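Accompanying notes for the structure given below.
The values are calculated or read from the model by the stated rules, or taken from the named source; none is laboratory data. Worth saying up front: this structure is predicted, and the values here are computed from it rather than measured. Cβ placement follows ideal geometry from the backbone for every residue including glycine, while neighbour counts extend to all protein chains displayed. Just so you know, the surface numbers come from the protein's heavy atoms only, side chains and all, with ligands and any DNA or RNA stripped out. Shrake-Rupley method; radii C 1.70, N 1.55, O 1.52, S 1.80 Å.
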Amino acid sequence: MNQERPVSGPRPEGRERRDDGRGRRGERRGRDDGAREQQGRGGPRGGPGAGRPSRADSADRSDVRRPTRIPEPPLPEDADAGGLDRSLRSELRTLSKENAEGVGGHLVMVGRLLDAEDYELALAHAEAAARRAGRVAGVRETLGVVYYRRGEWAKALAEFRTARRLSGSQHLLPLMADVERGLGRPERAVELAASPEAARLAAAEQVELAIVVTGARADLGQHAAAVQHIERLARASTARQPWAARVRYAYASALEGAGRVDEAQEWYASAAEVDVNGETDAAERLGTSDEAWVVDLGDDDPVEGTDRSGAGTASRHAGEGRGRPENRS
């Protein structure tokens, strides 16, 4: 098929004479020759640097383009990467030595300040580390943990998703599920727990996720399901397991939500017994009870007359210790 071509015809008026101010061909050539002579004499388009902006203009433009540098919080002399978890130190090896030392120092300070509950300064150090090493998964995870502790759920979720994408690891699923609870979306927490990725989590992460899902079930008003979800873990827990206090507390809370108050009190006592680090408020809850409870924090054996069965509703801060620079799983 022949390509369609413009139809030939008379030229538009004025085309032959070029009365558009450019003159005839000979006139235009003469004018061009004059311009070339002017260029040779250093005219507007000739000479070195022609067409280039002046130094003053370049300086002004560079000032506009250059982002404002945000000052970093100072680092004490004892804040160095040696205080970090081994896996996180390994991630920092992708940076230059000087940058790795600076990032490591900020991450160490984040851990210290989170322990001291100085969330404002912890955020400043976490953000400084992220500006230096935004492509390091552990750095983004740490920033997410700070947002998590501050209750800034949307920002925490964004950082956790970025860290998960950078690392390819699924260990942040429990925290992501808990953030969904914080955002008022407990059904999404339940969905995350039912994903194929969740089934491949290590034992510690499985426990943390179970605690969160128990809380999500309670948020949804599914109190019987909350009890059922965590009961086996709580009854099987031992005092030497790092999650024992949280699992037992979660089970107690689930029982309380289901109206089984007497059993809940027993499990709050069981949680307080193994909560040597004060991870829960089980002891305070027992202190407000009408009945006196005797709790031996140093005995690994079950308290006489109590049944250590299961775990209950997850606290909104389940797994806070995870992800901290100095205790990163």
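The table below gives the values:
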{"read-out": "Ellipsoid semi-axes in whole angstrom, largest first, where each is sqrt(5λ) of the Cα gyration tensor of region 76-164", "value": "19, 16, 10"}
{"read-out": "Histogram of C-alpha separations across region 65-223, 5 Å bin width, %", "value": "2, 9, 17, 19, 19, 14, 10, 6, 3, 1, 0, 0"}
{"read-out": "Space enclosed by the convex hull of the alpha-carbon atoms of region 198-256, per residue, Å³", "value": "72 Å³"}
{"read-out": "Protection proxy ranking, peptides 253-262, 105-114, average beta carbon neighbours within 10 Å, highest first", "value": "105-114, 253-262"}
{"read-out": "Solvent-accessible area, 1.4 Å probe, carbon plus sulfur percent, for region 66-111", "value": "51 percent"}
{"read-out": "Area projected by the alpha carbon convex hull of region 163-296, averaged over all directions, nm²", "value": "8.6 nm²"}
{"read-out": "Gyration tensor over alpha-carbon atoms, region 80-127, equivalent ellipsoid semi-axes in Å", "value": "20, 11, 7"}
{"read-out": "Pairwise Cα inverse-distance average, inverted: Kirkwood Rh of region 120-197 (Å)", "value": "12.5 Å"}
